[in-house]
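Written below as structure tokens is the structure these notes are about.
The values are calculated or read from the model by the stated rules, or taken from the named source; none is laboratory data. Here the structure is a predicted model, which is why all the values come from computation and not from measurement. Cβ sites come from the backbone with ideal geometry, for glycine too, and all protein chains shown count toward neighbours.
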Amino acid sequence: MSTEGLRERKKRAMRQQLSDTAAEMFLEQGYDAVRVADVAEACGVSEKTVFNYFPSKEALVLDRLEPTADALRTHLADPALPPVAAMLKVLDDELQGISVSLTTAKAVTRYRRFGDLIHETPSLRAYQSDVAERFADVAAEVLASRFGLEPGDPEPQVAAAALLGLWKIQFRVLRTHLHPGMPIQDAINAAAGEVQRAARLIDAGLETLSDPAEQVTKTG
């Protein structure tokens, strides 16, 4: 067990090193100017090793989005949480993590540069959209299982799309409000406020999402 634990820790450390190195190189030199082979060389590994950890160059930049899928599976499946409350829990956890990491003006500047890099690079914007679609698929599958529906049914599909819309709003608001020299908590509060505002629009509709058997019971 200790050997397995050490191996996993080494894998996580290598993954983090590759991602951090790639981010620094992309920010300094530009995304298109840096090859995956350059990242590998900077980390002292082969290009094949990089692709063992990341399926694409874009994933080197946006790998931090992947844990969101696990959070969606956990919270949306919780029968004690209505779907909107579950999504707000996912987003609040992300906000708390961001607030902890952005404790200096330098960190805020880097966060904004990172957002600019994504916004200005078509392939990264496309990859981010693909990730959002995967998140929506995950959400639809979890909601369908929870409420006795099929993932392709319109109810879990539209519910997932609406919930993932809140995630997009949070990302946009943070990028708009985070500036060096301005209180970080103000940006966090602004993001949370706009997400809550949007959540109220969809909350009433998603409250009607239920197991078809329950609907029959209610109508009968």
Would you mind telling me which numbered condition in (1) over 26 Å from ILE184 (Cβ atoms); (2) within 23 Å of the chain's Cα centre (by Cα); (3) buried (at least 16 other Cβ atoms within 10 Å of the Cβ); (4) not polar (S, T, N, Q) PRO82 fails? (3)
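For residues in region 38-72 being closer than 18 Å to ALA162 by Cβ and touching a residue at least 60 places away in the same chain (Cβ under 8 Å), which is surrounded by the most Cβ atoms within 10 Å (Cβ to Cβ)?
Of region 38-72, the ones closer than 18 Å to ALA162 by Cβ are 68-69, 71-72.
From the residues that got through so far, the ones that are touching a residue at least 60 places away in the same chain (Cβ under 8 Å) too are 68-69, 72.
Values: THR68: 20, ALA69: 15, LEU72: 24.
Within region 38-72, the match that is surrounded by the most Cβ atoms within 10 Å (Cβ to Cβ) is LEU72.
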Of everything in region 133-182, what is among the hydrophobic types (A, V, I, L, M, F, W, C) and farther than 17 Å from GLU207 by Cα? Give them in sequence order. PHE135, ALA136, VAL138, TRP167, ILE169, PHE171, VAL173, LEU174, LEU178, MET182
Check ALA23, ALA37, ALA86, ALA80 and return the single one that is assigned by TED's automatic domain parsing to the domain that holds PRO151 and under 25 Å from ASP130 (Cβ atoms). ALA86
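Could you identify the single residue in ALA107, ALA132 that is outside the structural domain of MET25 (by TED's automatic domain parsing) and closer than 30 Å to VAL158 by Cβ?
Working: ALA107 fails: closer than 30 Å to VAL158 by Cβ.
So the residue among ALA107, ALA132 that is outside the structural domain of MET25 (by TED's automatic domain parsing) and closer than 30 Å to VAL158 by Cβ is ALA132.
Can you confirm whether ASP116 is more than 29 Å from PRO180 (Cβ to Cβ) and surrounded by fewer than 16 Cβ atoms within 10 Å (Cβ to Cβ)?
Numbers: more than 29 Å from PRO180 (Cβ to Cβ): no; surrounded by fewer than 16 Cβ atoms within 10 Å (Cβ to Cβ): yes.
Answer is no for this residue.
Please go through region 27-37 and give me each residue that is crowded, with 16+ Cβ neighbours inside 10 Å and part of a helix (DSSP H, G or I), ordered by number.
Narrowing region 27-37 to residues crowded, with 16+ Cβ neighbours inside 10 Å: 27, 31, 34, 36.
Selection gives LEU27, VAL36.
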Run down VAL50, VAL39, VAL45 and say which single residue is closer than 18 Å to GLU66 by Cα and among the β-branched types (Val, Ile, Thr). VAL50
